[in-house]
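Only one structure is covered here, and it is reproduced in the block below.
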Amino acid sequence: MIFCNRWMSFSNVLAGLLFCFTLLISGCASPSASDKAAAEPVKVLMETSMGNIVLELDPEHAPVTVENFLAYADSGFYDGTIIHRVVPGFVIQGGGHDVNMNLKKTSPPIINEWQNGLKNVRGTIAMAREGGQADSATSQFFINLVDNPRLDLPRDGSGYAVFGKVINGMDVVDAIAAVNTTTHGEYENVPVEPVIVKHVRRL
């Protein structure tokens, strides 16, 4: 709240009132350009060994998740990782393993923004997490190959947070979904030939 000093000369009172009015108007104005920019969609290019995928991230509805994903992308964390899980008719998943299926060290997990209004429909990108642990997502993500409404339900206390969508390259996603898979140690549905994420960067 804005207060004005009442012990002023008349001219100073008028000047003060004008100043206060200006501040009040500016305080009630629409968000600043920087605020608007922060909430605008962010386009990201994901270069893979099977082609390019362009994502549009939604910081308005998933600000924490988008910031987290971009931090990994900007640091080069995703470069050289693989799509390590391919389940036709469900999802492709990546963002955590190198070509030898070793897990990369990540930053601390983030809160789960699964109630942001975005749904797990075909072509959306969402965060992978540990089962039964709502706020356990770190770097791993998945892209929905079909509508997966059950992932929007709190079957273990929460759903899975969508934070963007594929706007170009869904044919590449579908091609990845068609590769042959095998079992690698404890991991199932691993592509026989590694699908490498070469680089992830903002456009």
Filtered residues of the stretch 141-161 (kept if farther than 15 Å from PHE90 by Cβ and within 11 Å of the chain's Cα centre (by Cα))
ALA161
Which of (1) free of Cβ contacts under 8 Å to residues at least 40 places away in the same chain; (2) among the β-branched types (Val, Ile, Thr); (3) over 25 Å from VAL64 (Cα atoms) does THR181 not meet, given it meets every other one?
(1)
Within the group GLY123, GLY132, GLY157, GLY117, which residue is on the phi > 0 side of the Ramachandran plot and surrounded by 15 or more Cβ atoms within 10 Å (Cβ to Cβ)?
GLY123
Only residues in the stretch 146-162 that are within 18 Å of VAL64 (Cβ to Cβ) and not assigned by TED's automatic domain parsing to the domain that holds ALA177 count as the first member; pair them with residues that are acidic (Asp, Glu) and surrounded by fewer than 21 Cβ atoms within 10 Å (Cβ to Cβ), Cβ under 9 angstrom, at least 6 apart or cross-chain, and list the lot.
none
Return yes when ALA137 is within 17 Å of the chain's Cα centre (by Cα) and modelled with pLDDT of 95 or more and no when it is not.
yes
Number of the condition not met by SER107 [criteria: (1) surrounded by 15 or more Cβ atoms within 10 Å (Cβ to Cβ); (2) in contact (Cβ under 8 Å) with a residue 24 or more places away in the chain; (3) farther than 19 Å from VAL192 by Cβ]
(1)
Any idea which of (1) closer than 26 Å to GLU193 by Cβ; (2) touching a Gly at 6+ places or on another chain (Cβ under 8 Å); (3) not acidic (Asp, Glu) is the one HIS61 doesn't satisfy?
(1)
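The values are calculated or read from the model by the stated rules, or taken from the named source; none is laboratory data. Predicted model, so just to flag it, every value in this text is computed and none were measured. Because the Cβ atoms are built from the backbone with ideal geometry, glycine has one as well, and the counts that use them run over all protein chains shown.
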